[in-house]
Amino acid sequence: MASESLTTSGYIKHHLTNLTFGPFPEGHEHAGHWGLAHTAADAKAMGFWAIHVDTMFWSILLGALFLLLFRKVARNATADIPGGMQNFVEWIVEFVDGIVRGTFTGRNALVAPMALTIFVWVFLINVMDLIPVDWLPQVATLLGSNVFGMDPHHVFFRVVPSTDPNATFGMALAVFALTIFYSFKIKGAGGFAAELTMHPFSSNNKLLQLVFIPINFLLEFVSLLAKPLSLSLRLYGNMFAGEMIFILIALMYGGGWMLGIFGGFLQLGWAIFHVLIITLQAFIFMILTVVYMDLAYQTGEH
């Protein structure tokens, strides 16, 4: 429920600000020291070296949950009558393995585990968007004010890491780095350079080919950089929009019981629809990663 001590714009801004730890800028009363941002302006001014504590916390926690859960199922797996959890995990593994076998034409033992990790991890991160927007921030506010003595209005806490572009760009850049590494490894420096400079325009005339090289490089380089950008922005944009809708619906609970009941139905309907978005975005991130890895292994044109 929206806090009565915040205006509508203040409530939205509060819910869209990360719990940020970093260096206070010059002119601040704590300049020269590191600490938690007291306001959204402080968080913005902390710059590149600031750490979004809530994003890191939930990303690591959900990643650890995935590893522990799948490890437990793997250790207790049986060939007899499997339990429900084993059936569920085996279904996910077989689903991802089928996608990889049908999409990835190379041979690399890393790709299938990586695809499984991306799919489950991104899905768990996205699922946090289904938790009512005020529940966990209110818990964080109580802990911050009662345990750490913080001003409750300065306790920011976002619980969906995929609504933080730092998280989505971080994952996309990791995938990008892997594709570049395997492009060099499989094609060699010359083959990778040829891929960037000899297509899409080509000619048997050497002089004309020299003219095409910078044009081809510009086109292919833009296409290369577009991969991590599209991978990160697609996930971030969809999840941020979903979070914003949940926040706007939450504002309705402060407008009286009739508007609150209407907001409850809207929240339920949007949550049911959002399950599809959550799953689809995890699937898209996974399959594009596999496709990019497959492109890194394709050497036929060389």
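For this structure, a couple of remarks:
- Selection of segment 150-165 for residues being assigned to a helix (DSSP H, G or I) and either of a type in the set (A, V, I, L, M) or farther than 13 Å from residue 274 by Cβ (or both) yields 152, 153, 154, 161, 165.
- Only helices (runs of 4 or more DSSP H) whose full extent lies in segment 42-130 are considered here, and the ones with at least 2 residues that are modelled with pLDDT of 95 or more and acidic (Asp, Glu) are 84-103.
- Among (1) in contact with a helix residue (DSSP H, G or I) (Cβ under 7 Å, 6 or more places away or on another chain); (2) without any contact (Cβ under 8 Å) to a residue 40 or more places away in the chain; (3) within 19 Å of residue 131 (Cβ to Cβ) - the single one residue 259 does not satisfy: (3)
- Qualifying residue in segment 269-287 (condition: touching a residue at least 40 places away in the same chain (Cβ under 8 Å), within 30 Å of residue 92 (Cβ to Cβ), assigned to a helix (DSSP H, G or I) and of a type in the set (Gly, Ala, Ser)): yes
- In segment 124-164, residue nearest to residue 291 (Cα to Cα) [restricted to those that are crowded, with 20+ Cβ neighbours inside 10 Å and of a type in the set (Phe, Trp, Tyr)]: 157
- Taking the listed residues 242, 264, the one that is surrounded by fewer than 17 Cβ atoms within 10 Å (Cβ to Cβ), of a type outside the set (S, T, N, Q) and in a helix (DSSP H, G or I) is 264, with no other qualifying.
- Test: residue 96 is of a type in the set (A, V, I, L, M) and closer than 30 Å to residue 183 by Cα: yes
- Among (1) in contact with a Pro (Cβ under 6 Å, 6 or more places away or on another chain); (2) closer than 18 Å to residue 138 by Cα; (3) surrounded by fewer than 17 Cβ atoms within 10 Å (Cβ to Cβ); (4) not acidic (Asp, Glu), the one test that residue 55 misses: (3)
- Residue within segment 165-178 that is among the small types (Gly, Ala, Ser) and either touching a Pro at 6+ places or on another chain (Cβ under 6 Å) or crowded, with 17+ Cβ neighbours inside 10 Å (or both) present: yes
- Any hit, segment 11-23, residues being under 19 Å from residue 240 (Cβ atoms) and charged (D, E, K, R): yes
- Of the set (1) under 30 Å from residue 36 (Cα atoms); (2) of a type outside the set (A, V, I, L, M, F, W, C); (3) loosely packed, with under 12 Cβ neighbours inside 10 Å, all apply to residue 94 but (1).
- Residues being under 15 Å from residue 18 (Cβ atoms) and in a loop (DSSP other than H, G, I, E, B) - total across segment 140-149: 0
The values are calculated or read from the model by the stated rules, or taken from the named source; none is laboratory data. Because the structure is a prediction, the values reported are computed rather than measured. No Cβ is skipped: glycine too gets one built from the backbone with ideal geometry, and neighbour counts run over all protein chains shown.
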